[in-house]
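Since every read-out is calculated from the coordinates, none of them should be taken as a lab result. In this text the structure is predicted, and so the values were computed from the model without any measurement. Cβ atoms come from the backbone with ideal geometry, glycine included; neighbour counts cover every protein chain shown.
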Amino acid sequence: MRALAPQLAGVGLATFGHLTAEDMEDMEDEEDEEESDEEFHVAREDAELAAGAIFYSIDILLDELFEDIDSLGDNPNVAQCEGGLLQLEGLPLQFAHLYTPLFARKLLVTAVDLTGRLCRGGFSQLSSVAEELLLRLLLETTEATLDIHGLLAGGVQETLGSFRENVYEDPDHEWLYEPALDGIGQDPAAALLGAAPMSADDWFAPFNGSRPVHPSAAGSATEEE
């Protein structure tokens with residue numbers, strides 16, 4: 001699995017917390033070198049294992065999203081789907097009634113776009129709330145993959161934690177998993193609180209004009225009955 005690490009070409013090992021001497025020199029002007037070494041530097045082997053496991057888990061994520069779309073079938077949404085789902089049930093469950101077949105297809109397109117960028121040089125930032133949620137699903141799948149193979153040791157968990165901190169700009173999407181906050185996305189004060197949008201359509205909207213989303217993910221994510 002470590003040998004797969006170079007396939008995740010969009011992010012370097014520094015994103016996982018492994019800093020070379022050159023990386024440390026580059027950081028001297030920004031923050032204290034001793035603190036950076038203590039907080040971020042992890043073993044190269046652990047960083048490579050985490051990167052390889054993420055690449056390995058991309059196929060699992062996409063395959064299971066395909067299976068979920070097939071399982072969803074003619075059901076109007078996830079809340080009314082009697083069959084078990086593999087990835088869609090990992091999304092905030094309070095919005096399950098909004099996860100229509102159209103939503104699932106848009107999510108799959110977004111997943112293909114996101115994982116493709118992670119595997120190409122030059123990946124910079126996540127483009128939408130949907131990508132933030134998908135990355136969460138990918139990391140959960142990665143942890144499950146590592147655990148199945150007995151590889152989810154403390155060092156690897158630390159590297160995945162560094163990856164989260166470096167790729168996510170903020171934890172706002174985590175608000176969507178809080179049932180008590182249902183409806184806050186419609187409150188004008190929510191913008192001041194930094195809350196993630198509560199509308200599923202808004203999840204596919206780009207954060208700004210410099211971060212385009214896939215054309216097939218644009219527009220409404222819900223279907224009329």
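For region 91-129, the set of trypsin sites (Lys or Arg not before Pro) satisfying both a DSSP loop assignment and a count of at most 16 other C-beta atoms within 10 Å is given as ARG120.
Couplings 3J(HN,Hα) for region 151-157, derived from phi with the Karplus relation 6.51 cos²θ - 1.76 cosθ + 1.60 (θ = phi - 60°), are 10, 8, 7, x, x, 5, 4 Hz, where x marks Gly and Pro.
The residues packed around VAL156, meaning those with a beta-carbon under 14 Å from its beta-carbon, carry a net charge of -3 if Lys and Arg are +1 and Asp and Glu are -1.
Phi-derived couplings, Karplus 6.51 cos²θ - 1.76 cosθ + 1.60 at θ = phi - 60°, listed residue by residue for region 162-179: 5, 4, 4, 5, 7, 8, 6, 7, 7, x, 4, 5, 5, 4, 5, 8, 9, x Hz, with x used for Gly and Pro. Protection proxy ranking, highest mean first, for peptides 82-94, 133-145: 133-145, 82-94, where packing is the per-residue count of other beta-carbon atoms within 10 Å, averaged.
Sequentially through region 67-73, phi angles give Karplus couplings (6.51, -1.76, 1.60; θ = phi - 60°) of 4, 5, 4, 5, 5, 5, x Hz, Gly and Pro residues having no value and appearing as x. For region 49-169, the gyration tensor built on C-alpha atoms gives a prolate shape. Its axis ratio a/c (a ≥ b ≥ c) is at least 1.5, and a/b is the larger of a/b and b/c.
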